[in-house]
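A.B. asks: Pasting a structure here, questions to come.
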There are 4 protein chains.
Amino acid sequence: MNHLDVQNRRVENGFRLTRVGVTGVRKPVVVQRNGRHNHVTALIDVFVDLPSTQKGSHMSRNVEIITEMIDESVREKVSSLEELSGKVCRELLDRHEYASYGEVNMVADYFLERVTGTGRRIMEPYKLMARATAKRGNGLMKLVGVEVEGMTACPCAMESVREQLEQRSPGLSEQARSLPVITHNQRNRTTLMMEVPEHVDIEADDLIAIVESSLSSPTYGILKRDDEAKVVMNAHENPKFVEDVVRDILGKILHRYEDLDDSVHVTVRSESEESIHKHNAFAERITTLGELRASDDQ
Amino acid sequence: MNHLDVQNRRVENGFRLTRVGVTGVRKPVVVQRNGRHNHVTALIDVFVDLPSTQKGSHMSRNVEIITEMIDESVREKVSSLEELSGKVCRELLDRHEYASYGEVNMVADYFLERVTGTGRRIMEPYKLMARATAKRGNGLMKLVGVEVEGMTACPCAMESVREQLEQRSPGLSEQARSLPVITHNQRNRTTLMMEVPEHVDIEADDLIAIVESSLSSPTYGILKRDDEAKVVMNAHENPKFVEDVVRDILGKILHRYEDLDDSVHVTVRSESEESIHKHNAFAERITTLGELRASDDQ
Amino acid sequence: MNHLDVQNRRVENGFRLTRVGVTGVRKPVVVQRNGRHNHVTALIDVFVDLPSTQKGSHMSRNVEIITEMIDESVREKVSSLEELSGKVCRELLDRHEYASYGEVNMVADYFLERVTGTGRRIMEPYKLMARATAKRGNGLMKLVGVEVEGMTACPCAMESVREQLEQRSPGLSEQARSLPVITHNQRNRTTLMMEVPEHVDIEADDLIAIVESSLSSPTYGILKRDDEAKVVMNAHENPKFVEDVVRDILGKILHRYEDLDDSVHVTVRSESEESIHKHNAFAERITTLGELRASDDQ
Amino acid sequence: MNHLDVQNRRVENGFRLTRVGVTGVRKPVVVQRNGRHNHVTALIDVFVDLPSTQKGSHMSRNVEIITEMIDESVREKVSSLEELSGKVCRELLDRHEYASYGEVNMVADYFLERVTGTGRRIMEPYKLMARATAKRGNGLMKLVGVEVEGMTACPCAMESVREQLEQRSPGLSEQARSLPVITHNQRNRTTLMMEVPEHVDIEADDLIAIVESSLSSPTYGILKRDDEAKVVMNAHENPKFVEDVVRDILGKILHRYEDLDDSVHVTVRSESEESIHKHNAFAERITTLGELRASDDQ
């Protein structure tokens, strides 16, 4: 044994480790999809497991692999962060010969062109999340995830206000009753992640569309006076709890991905930065398509 | 010269340094005021300047001073973070004999009992900021600051919506016109800081009250249905831009502190986490009481 | 049905939700243990699940419960964050009658008196984590966790340097060989969490001691010249990968908690902010005491 | 007056505001320099001042300008974030006709190819900072800034350890004395910013080179065993306090920019995440080239 290779030494009282690797690696990545080049800055974590008999993981191999794969992605196009994650993950198992598990996580800022109610075009910011995991000998699983900011308007406060207004001035006219009722509204941050076998394709843009259409209203960087009024009215016509946001997303997922297998994992999280509180409201569902399809869930 | 005392060595090509010290020191602090003991966890930075002739500042003295002063604060009561900052600052100049400038910054979570519209009591969270600065030979200046979270409702979107509602259904009745009009509202974070000579007393609780009363509405941790409606209605009766929040605070400061000297520094910053955008709206005034009092400012 | 109670409405196409609640609630908490009063500021999240048939969770009950339990903790002493979490969790299930699962998470800054090598006393900062979870009808599980900052010195770079030094000046004397060899060292952040049934007591201070003694060296807020040399020498006499830190903790856990049941969950995470890289090194084990005790793990 | 234009309304008790605008705008930006296209994600704040007579600033114009300028930057190349900031700043004053001051701040991740001691190529991450400010009628000032991570090794602990080693084994041989002595080393984060008139060109890559060469050692994403030893030895041959880092940068700035005017502003900040403490060491100089050139500073 090479006495210098500290990591390969056998250990006396070793324990198996679940994940060993590097976190917080920052890299410029180019993904090519639908004729567009997306240049993003990815924040990357990679891990393998470590058997009880081996003293250390070869940490430098992790960043070597990331660097090579990202260089290669320029020559051999990759079409998504999750595809790139998959390539890195496969290479992790190849070069950490002692490992039986590999994992790659990436997060990046991302932009899509949006058109406001009155026709203005603007690049809106989102976050992409990608993960690839593999057990040696088994196939590779990949996770496609998005984080979307938008707006929720509270249905409960809306009803409480309506009740108080009616108490205050009994006998409100039909016209007065038809006007939108004030409520608290706020910035909401919703995450949708789906985990599928490697060969299955999930388009992150579709996930963004599903989330954005499930909020009280999407939001926009530029809003002139008329746009602004439209967004506010839209939000008040669709008052939603975080619970509603999560459930509406689940419903759309069931419909949009009816061809996918029961085993597909789905995670939805919605958090509203409540304007009337200093804390947030939160709802979450962690499930599979199979569970969602079971009649007793609905 | 003791050859080991690296910091005291003379330097060949030295430059004067503006601030040298330690940042991110975390300490439990007790301040006693109005019969209450406030136990807070302070995050502390301390600095002195360094002449061009001295190689290094004695970093360990900084934390020694903090530790001793905080221990002492239990025996000899301190009534505020800024008083404690002042004591630490004076000691910095005593023990860094080469320094001509000392600075201490503290930030801490803080709580005040609040009563909601329907009478519920709750401890609401705020942030305290304290700073003490001293030039050797001159007096000590202290800064008292607060950060308050609350709610703003946008007056501009409210008018745009009103206009669109009137276009949609012309001839709105008096009754319909009297109803509160929807708008976007959101969490707002406002900072107020005043810097005064050491002997002048500014009560942080007063600053919190000034900020909280200048928002569209204060917010509360617990709100039952009726409370919630009251806060929402209150906010829509007081629609405010961040500009309005800052100006209302400035007006109240002028009135509340009319006995203070023209030289007192005032900083107000208000940031609304716009529910209709993914970015924030921001307004700021950095000034003195003297400037504010000058007729051409108003 | 009261038409105003929006949350209680039945939903047409509902889905079960895994967790619904509030996040980011900040509260001052007092825990009393071993004759000491610890005043901490806790950051609190609480959740219950939501059946598919119910439109919304009663969010305001969550903060009500937190507030009442914390008020009560002053009268009826609680001895730890996890005990308080357990009380809140039990109450969550009581008042959310539709829920079958409750969860409470708390995080707080925490301080312990430490003595440096040369006898100085100082309050060192740590983080406490507590969690309580309960399924209706089953007992309550509680998690006791700590986050500790300390120092790791890399054994691999130490050997590489030794090799290069020997190549540079072959025939190093016994004396020269006996000197400590340079390597990169850095701030390390390690987390240890144990999850046990409610009646089992785990002392957070013990977990802190286990972590701190498993690093290359603990670190201290105040170090005079002699202290500083001692800490540096100590760290270089105990060079450790993050893998070593995790394994040493696992070994100590096995020994310290040999009376606890096989089912107890243990999570250890160690992250070194590598001084020679801009990214971190990371190791983790998620396991049970039973797995650790199984001979094939070692 | 259009009753709807809320912002343009005159205010009764107005105060002048120092800065009003939007913060946290995220945009993809392309800058072209030396034949390279740099695709970065910029986080942008823009502000103008507001006279006491005007109720509100036109917030939506700010994002409109950013969006148009960034679209235009694709057609008419911009060579740096600070050039783009300057263009946005000029436009701010054009479209906020009531404003007398404009300010634009941008921050972005950035990458440069680096070669490690043994010849490996890797993209290393840095941060770019840009600012443009203008008073109406005066020229435009721009700030070029960089944040660089690297490594510092402490000279003081090195000497303390040397002393203790000599006490422990008196009569150390010449050979033993020639070996590098252990000390604490850690990740360091250093910022260098220069503010110059618009027409003066400062290359951010030069500032990065100046900072990186002033640390105990630069750091790299990939380091194989030999590289790692070289970086560690390099750092221990260049032990530095944060004070030394700042002063070495100041010396290099004086030499590199001897043609620039005395009025140029220079800010240098260095922060070491001390491996032996849980807090950081910090040094800063805020100055002008003129002050630095004055003989009494050195």
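The values are calculated or read from the model by the stated rules, or taken from the named source; none is laboratory data. Keep in mind it's a predicted model, so treat the numbers as computed, not measured. For neighbour counting, all protein chains shown are included, and Cβ atoms are generated from backbone atoms with ideal geometry for every residue, glycine included.
A.B. asks: Please give the helices (runs of 4 or more DSSP H) falling wholly within the stretch D:205-298 in which 3 or more residues are more than 22 Å from C:C154 (Cα to Cα).
C.D. replies: D:242-256, D:289-293
A.B. asks: When the residues of the stretch C:249-269 are filtered to those that are under 16 Å from the mean Cα position of the chain (by Cα) and within 13 Å of A:G14 (Cα to Cα), which remaining residue is farthest from the other protein chains (Cβ to nearest Cβ)?
C.D. replies: Going residue by residue through the stretch C:249-269, those that are under 16 Å from the mean Cα position of the chain (by Cα) are C:249-250, C:252-253, C:264-269.
When the remaining residues are screened for being within 13 Å of A:G14 (Cα to Cα), the result is C:249-250, C:252.
Details: C:I249: 10, C:L250: 5, C:K252: 11 Å.
That would be C:K252.
A.B. asks: Looking at the structure I just gave you, is B:R285 within 12 Å of chain D (Cβ to nearest Cβ) and touching a helix residue (DSSP H, G or I) at 6+ places or on another chain (Cβ under 7 Å)? Talk me through it step by step, then tell me what you get.
C.D. replies: Working: within 12 Å of chain D (Cβ to nearest Cβ): yes; touching a helix residue (DSSP H, G or I) at 6+ places or on another chain (Cβ under 7 Å): yes.
Against the criterion (within 12 Å of chain D (Cβ to nearest Cβ) and touching a helix residue (DSSP H, G or I) at 6+ places or on another chain (Cβ under 7 Å)), B:R285 qualifies.
A.B. asks: Another question, if that's okay. Would you confirm, using the coordinates I've provided, whether A:E83 is out of contact with any strand residue (DSSP E or B) (no Cβ under 6 Å at 6 or more places or on another chain) and under 23 Å from C:I276 (Cβ atoms)?
C.D. replies: Values: out of contact with any strand residue (DSSP E or B) (no Cβ under 6 Å at 6 or more places or on another chain): yes; under 23 Å from C:I276 (Cβ atoms): no.
The answer is no for A:E83.
A.B. asks: I've got another one for you. Failed condition for C:G139, given (1) closer than 27 Å to D:I276 by Cβ; (2) touching a strand residue (DSSP E or B) at 6+ places or on another chain (Cβ under 7 Å); (3) small (G, A, S), with all others met?
C.D. replies: Among (1) closer than 27 Å to D:I276 by Cβ; (2) touching a strand residue (DSSP E or B) at 6+ places or on another chain (Cβ under 7 Å); (3) small (G, A, S), the lone unmet condition for C:G139 is (1).
A.B. asks: Of these, D:R131, D:R121, which one is of a type in the set (K, R) and closer than 30 Å to D:T288 by Cβ? Don't jump to the end; show me each part of the working.
C.D. replies: Details: D:R121 fails: closer than 30 Å to D:T288 by Cβ.
Checking each option against the conditions leaves just D:R131.
A.B. asks: Would you confirm whether any residue within the stretch A:155-166 is within 11 Å of chain B (Cβ to nearest Cβ) and within 28 Å of the chain's Cα centre (by Cα)?
C.D. replies: Within the stretch A:155-166, one or more residues are within 11 Å of chain B (Cβ to nearest Cβ) and within 28 Å of the chain's Cα centre (by Cα).
A.B. asks: Conditions: (1) touching a residue at least 24 places away in the same chain (Cβ under 8 Å); (2) on the phi > 0 side of the Ramachandran plot. C:V245 meets all but one. Number of the miss?
C.D. replies: Only one criterion in (1) touching a residue at least 24 places away in the same chain (Cβ under 8 Å); (2) on the phi > 0 side of the Ramachandran plot is unmet by C:V245, namely (2).
A.B. asks: Next up: Out of the stretch D:73-90, which residues are exposed (fewer than 15 other Cβ atoms within 10 Å of the Cβ) and touching a residue at least 12 places away in the same chain (Cβ under 8 Å)? Full working, then the answer.
C.D. replies: The initial filter retains those residues of the stretch D:73-90 that are exposed (fewer than 15 other Cβ atoms within 10 Å of the Cβ), namely D:74-77.
Correct list: D:V74, D:K77.
A.B. asks: Mind listing whichever residues of the stretch D:78-137 are assigned to a loop (DSSP other than H, G, I, E, B) and farther than 23 Å from A:E72 by Cα? Working first, answer last.
C.D. replies: Here is the first cut: in the stretch D:78-137, the residues assigned to a loop (DSSP other than H, G, I, E, B) are D:78-80, D:96-100, D:116-120, D:136-137.
Hits for the stretch D:78-137 are D:V78, D:S79, D:S80, D:H96, D:E97, D:Y98, D:A99, D:S100, D:G117, D:R136, D:G137.
A.B. asks: Could you list, in sequence order, the residues of the stretch C:162-204 that are polar (S, T, N, Q), at pLDDT 95 or above and assigned to a loop (DSSP other than H, G, I, E, B)?
C.D. replies: Our first condition is that a residue be polar (S, T, N, Q); within the stretch C:162-204, this holds for C:164, C:167, C:169, C:173, C:175, C:178, C:183, C:185-186, C:188, C:190-191.
Going one step further and asking which of them are at pLDDT 95 or above, we end up with C:183, C:185-186, C:188, C:190-191.
The one that is polar (S, T, N, Q), at pLDDT 95 or above and assigned to a loop (DSSP other than H, G, I, E, B): C:T183.
Okay, residues lined up against (1) among the basic types (K, R); (2) at pLDDT 90 or above; (3) assigned by TED's automatic domain parsing to the domain that holds B:N38:
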position	(1), (2), (3)
B:V78	no, no, yes
B:A99	no, yes, yes
B:R121	yes, no, no
B:E124	no, yes, no
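A.B. asks: Quick test of your reading of the structure: C:E228 fulfils all but one of (1) closer than 20 Å to C:L112 by Cβ; (2) at pLDDT below 95; (3) surrounded by 21 or more Cβ atoms within 10 Å (Cβ to Cβ). Name the failing condition by number.
C.D. replies: With (1) closer than 20 Å to C:L112 by Cβ; (2) at pLDDT below 95; (3) surrounded by 21 or more Cβ atoms within 10 Å (Cβ to Cβ) applied to C:E228, the lone miss is (1).
A.B. asks: Next question, about the same structure. Being under 20 Å from D:K87 (Cβ atoms) and of a type outside the set (A, V, I, L, M) is the filter; apply it to the stretch D:182-224 and report the residue that is nearest to the other protein chains (Cβ to nearest Cβ).
C.D. replies: Applying the filter and picking the extreme gives D:E195.
A.B. asks: Same structure, new question: If you take the residues of the stretch D:21-70 that are away from chain A (no Cβ under 14 Å) and touching a helix residue (DSSP H, G or I) at 6+ places or on another chain (Cβ under 7 Å), which of them is surrounded by the fewest Cβ atoms within 10 Å (Cβ to Cβ)? Break it down stepwise before answering.
C.D. replies: Our first condition is that a residue be away from chain A (no Cβ under 14 Å); within the stretch D:21-70, this holds for D:33-35, D:47-55, D:57.
From what's left, touching a helix residue (DSSP H, G or I) at 6+ places or on another chain (Cβ under 7 Å): D:48, D:50, D:52, D:54-55, D:57.
Details: D:V48: 25, D:L50: 31, D:S52: 15, D:Q54: 21, D:K55: 20, D:S57: 27.
It comes out as D:S52.
A.B. asks: Can you give me the number of residues within the stretch A:61-107 that are farther than 14 Å from A:L143 by Cα and not β-branched (V, I, T)?
C.D. replies: Matching residues across the stretch A:61-107 total 24.
A.B. asks: Just name the residue that is surrounded by the most Cβ atoms within 10 Å (Cβ to Cβ) out of those in the stretch C:270-282 that are touching a residue at least 12 places away in the same chain (Cβ under 8 Å) and facing another protein chain (nearest Cβ under 9 Å).
C.D. replies: C:S275
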